[in-house]
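The values are calculated or read from the model by the stated rules, or taken from the named source; none is laboratory data. All of these numbers come straight from a predicted model, not from anything done at the bench. For neighbour counting, all protein chains shown are included, and Cβ atoms are generated from backbone atoms with ideal geometry for every residue, glycine included.
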Amino acid sequence: MAGDLYKQAGVDIDAGNAAVAAMRPAIRATFTPNVLADVGSFGGLYALTDLPGQPVLAASTDGVGTKVKLAAQFGRWTGIGHDIVNHCVNDILVQNARPLFFLDYVAASKLDPTQVASVVTGIAEACRAVGCALLGGETAEMPGVYAEGAFDLVGTVIGLVDRAALLPRTEAMQPGDVLVGLPSSGPHTNGYSLIRRIIADRDPATRLADGATLADALLTPHRCYVGEVDRLQQAGLPLHGMAHITGGGFVENVPRILPSHLAAQLDTAAWRVPPLFGRLATWGNVAWAEAYRVWNMGMGMVLVIPPAALADVRAALQEAVPVGRLVNRGPGAPAIELVNLPENQ
């Protein structure tokens, strides 16, 4: 029958159309008056209005990584839609940008319209939560490129910030500035290649010390911190910088926002590490020093604030935890020091 050859080669156009039809209401629900093109247009259109005096566009692209393997294993797709949006939004938030619109890329060896619609529904839910339009994207079926059963999810966010409000403000940072941590919801979207190896023979229904199952703890969506940062800024509290604790953990991410003459001293005893990370470290025989470089260990965002603002910051964000401070960095000294590390497993 005409048209069957492409399907026999592994690409089902009808499945792709079904996926788009299923996700269309969720996408449209994110549209603001700035969106000028409907679902299915060749390109998304977004009208720029109410621009600040010196508008700066901020952009970030990222993926969910191998967390998609666990989502597939447990049949939980909506959460990874939240993961990709919140990860990207947090990445531009550290520059003090707020999201305007989001683009997604969903690819698989074979498209399952129900799965794709669940993922995009999660993306749309997360976009609506931060006032961001889901402007467009791509749904690709590529047998031979992706292994059978493989699934990939990537997203791009475009945001806006006034140049005068850009962060970090490295010129304002001083020795004694306080590092304040905002709790994570779990591993977020990082370190899952190691996690999957560690739990390969573990029962996903295993209960952790906080009562959560292993599967639930690992698939809890990446947390977004826009609301918390908005609360601080609406209260007029000073903020010198923010670090999103993603791939590379504290060791790689906190130094990214510091001037060369300052270092971070992180007190690992300042907060209670969630039970999941302790279990993973024990099961995998992961040294604590490595754990803090792979995972967020319960803190998904670190703020840099002057010490005089600490009490007000903690009053505004009761879950905020002082986790360290900035110190002078001597010649050849590392950009971050982890103190009070427990003994290695």
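Of all residues in the stretch 191-248, exactly one satisfies the criterion of being of a type in the set (Lys, Arg), under 23 Å from Ala320 (Cβ atoms) and surrounded by 15 or more Cβ atoms within 10 Å (Cβ to Cβ), namely Arg223. Against the conditions (1) charged (D, E, K, R); (2) touching an Asp or Glu at 6+ places or on another chain (Cβ under 8 Å); (3) part of a helix (DSSP H, G or I), Arg24 satisfies every one except (2). Among the residues of the stretch 266-292, those identified as more than 24 Å from the chain's Cα centre (by Cα) and not in a helix (DSSP H, G or I) are Ala269, Asn285, Ala287.
Filter the stretch 63-92 down to the residues that are charged (D, E, K, R), surrounded by fewer than 24 Cβ atoms within 10 Å (Cβ to Cβ) and at pLDDT 95 or above and list them by number. Residue satisfying the conditions is Asp91 alone.
Could you please let me know if Val273 is surrounded by fewer than 22 Cβ atoms within 10 Å (Cβ to Cβ) and hydrophobic (A, V, I, L, M, F, W, C)?
On the way: surrounded by fewer than 22 Cβ atoms within 10 Å (Cβ to Cβ): yes; hydrophobic (A, V, I, L, M, F, W, C): yes.
Here the answer is yes, as Val273 does meet what is asked.
Among the residues of the stretch 70-92, write down those that are in a helix (DSSP H, G or I) and of a type outside the set (A, V, I, L, M). Talk me through it step by step, then tell me what you get.
Pass one, the stretch 70-92, residues in a helix (DSSP H, G or I): 70-74, 78-92.
Answer for the stretch 70-92, where residues must be in a helix (DSSP H, G or I) and of a type outside the set (A, V, I, L, M): Gln73, Phe74, Thr78, Gly79, Gly81, His82, Asp83, Asn86, His87, Cys88, Asn90, Asp91.
Go through the stretch 49-96 and give me each residue that's touching a Lys or Arg at 6+ places or on another chain (Cβ under 7 Å) and farther than 24 Å from Leu218 by Cβ. Of everything in the stretch 49-96, those that are touching a Lys or Arg at 6+ places or on another chain (Cβ under 7 Å) and farther than 24 Å from Leu218 by Cβ turn out to be Gln54, Val56.
When you go through Glu337, Glu343 one by one, which is the residue that is at pLDDT 95 or above and over 23 Å from the mean Cα position of the chain (by Cα)? Break it down stepwise before answering.
Values: Glu343 fails: at pLDDT 95 or above.
The unique qualifying residue is Glu337.
Candidates are the residues of the stretch 119-128 that are in contact with a Ser or Thr (Cβ under 9 Å, 6 or more places away or on another chain) and surrounded by 22 or more Cβ atoms within 10 Å (Cβ to Cβ); the one that is nearest to Ala72 (Cα to Cα) is Val119.
Yes or no: Asp62 of a type in the set (D, E, K, R), in contact with a strand residue (DSSP E or B) (Cβ under 9 Å, 6 or more places away or on another chain) and in contact (Cβ under 8 Å) with a residue 60 or more places away in the chain? Yes; evaluated as a whole, the condition is true for this residue. Residues in the stretch 242-259 that are more than 17 Å from the chain's Cα centre (by Cα) and in a loop (DSSP other than H, G, I, E, B): Leu258, Pro259.
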